[in-house]
């Protein structure tokens, strides 16, 4: 190899270090050139490297190796020390050594591809380098480093595969979460929260795409297609849901508008009884009509309620007038009640019956009382009449000569009927007819209760 810097070099055939150097043919010997000053180097390292070279009296720089010696360059001594003649070649050796050391230090910090490129370059440089030093040691270090790179390459490949697998699992989890959101029952979906969740999942996808390991394009495209389909499905369900809700809302509004129209049409009716019944029916229809938005419901209810209030306010005013008109009737009936209550307790049944009939005729002639007083007037009168009838019934029972005979005959008939029912019940139980069993048990219980009452009478 011939160096064309400050000196000319060539590479003869290598010979053993102990052998006598073969002369170089004059025709290929380069012309001496003056070398540039050699930068300072580590003295110990330089001294160690210098052991692998020598300079002869002609200025030829020789490199020793296990295969012998070879000329790596020529130095114009011109009175300089031969040590200086080795300096440039030692420095070049140390530069190569430093480059190898740097790669050794960085082998676990840069990609195997980058290291391999550098190693290939070093291998070329170390074939017949114009240097002085232990070249074989450098070559061994390069080969060892190449083995380390291959191990590192396998490790990086495994790490990349693991990272790719983790990235696929991460993306798959995002896709499955999106599909779960899209698969929700639209009737039970919280649309705002679910939409936010899908947005967050999309952000997670983008973050994973930027920061996680790269995955192969077909796998990524397949996963993205699933994710995109989930988003599209969710949006379609959402549109359909709210479209259906809007249609239902319009139907509810239409039903309630019809109810309001009917309520407003009868709001001024004075047919108090039938109109009150119709308003109750309209209220039931309103409850069954369904609900729409709060704003629409409130506005519709305000109109319906206004129609109801107009009718009920008019009815209440009418009833108030009637109540005022019938107040005198109430007072007169209260006087009759005081008179009728004097018949209690009943001591003379015939007298009490005659008096209550006369009071009843006067009662009916008085007429209606205010609505709020109906219970305390009509109710008290019915109670008095019931007590008189009860007294009459008890007296009749005590004085009835045929009572015992009738009771005995009725008891006999009831007992016969009970016997028949017990037979029928036993047959039903044998047949396993649950319906008949229940029917006969109820009938039997009722007949036995009657029999007990007759026997105690």
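The values are calculated or read from the model by the stated rules, or taken from the named source; none is laboratory data. It should be emphasised that the depicted structure is a prediction, and the values quoted were computed from it without experimental measurement. When we count neighbours, we look across all protein chains shown, and the Cβ atoms used for this are built from the backbone with ideal geometry, even at glycine.
Observations
- Only one entry in 162, 208, 167 is within 25 Å of residue 111 (Cα to Cα), modelled with pLDDT of 90 or more and out of contact with any helix residue (DSSP H, G or I) (no Cβ under 9 Å at 6 or more places or on another chain), namely 162.
- Pairs, first within 20 Å of residue 54 (Cβ to Cβ) in segment 85-111, second part of a helix (DSSP H, G or I) and modelled with pLDDT under 90, C-beta under 7 Å, six or more apart: 86/50; 90/46; 90/49; 90/50; 93/49; 94/45; 94/46; 94/49
- Taken as a whole, segment 220-231 holds at least one residue that is closer than 30 Å to residue 108 by Cα and outside the structural domain of residue 113 (by TED's automatic domain parsing).
- When we screen 429, 371, 380 for residues that are under 30 Å from residue 330 (Cβ atoms), at pLDDT below 80 and in contact with a helix residue (DSSP H, G or I) (Cβ under 8 Å, 6 or more places away or on another chain), the only hit is 371.
Every residue, every condition in (1) buried (at least 19 other Cβ atoms within 10 Å of the Cβ); (2) in contact with a strand residue (DSSP E or B) (Cβ under 6 Å, 6 or more places away or on another chain); (3) assigned to a helix (DSSP H, G or I); (4) modelled with pLDDT of 90 or more, yes or no:
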| residue | (1), (2), (3), (4) |
| --- | --- |
| 79 | no, no, no, no |
| 85 | yes, yes, yes, no |
| 92 | yes, no, yes, yes |
| 98 | no, no, yes, yes |
| 101 | no, no, yes, yes |
| 109 | no, no, no, no |
| 121 | no, no, yes, yes |
| 124 | no, no, yes, yes |
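- Selection status of residue 132, crowded, with 20+ Cβ neighbours inside 10 Å, touching a strand residue (DSSP E or B) at 6+ places or on another chain (Cβ under 6 Å) and within 20 Å of residue 42 (Cα to Cα): yes
- Considering residues of segment 407-457 that are outside any helix (DSSP H, G or I) and free of Cβ contacts under 8 Å to residues at least 12 places away in the same chain only, the residue farthest from residue 397 (Cα to Cα): 432
- From 351, 304, residue being assigned to a helix (DSSP H, G or I) and surrounded by 12 or more Cβ atoms within 10 Å (Cβ to Cβ): 304
Listed here are the residues, each with its yes/no results for (1) part of a loop (DSSP other than H, G, I, E, B); (2) within 22 Å of residue 371 (Cα to Cα); (3) in contact with a helix residue (DSSP H, G or I) (Cβ under 6 Å, 6 or more places away or on another chain).
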| position | (1), (2), (3) |
| --- | --- |
| 260 | no, no, yes |
| 283 | no, no, no |
| 300 | no, no, yes |
| 314 | no, yes, no |
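- Which numbered condition residue 391 misses (of (1) more than 30 Å from residue 447 (Cα to Cα); (2) at pLDDT 85 or above; (3) part of a helix (DSSP H, G or I)): (1)
- With respect to (1) in contact with a helix residue (DSSP H, G or I) (Cβ under 9 Å, 6 or more places away or on another chain); (2) without any contact (Cβ under 8 Å) to a residue 24 or more places away in the chain, the lone exception for residue 291 is condition (2).
- The single residue among 141, 210 that is part of a helix (DSSP H, G or I), in contact (Cβ under 8 Å) with a residue 24 or more places away in the chain and either surrounded by fewer than 12 Cβ atoms within 10 Å (Cβ to Cβ) or not assigned by TED's automatic domain parsing to the domain that holds residue 55 (or both) turns out to be 141.
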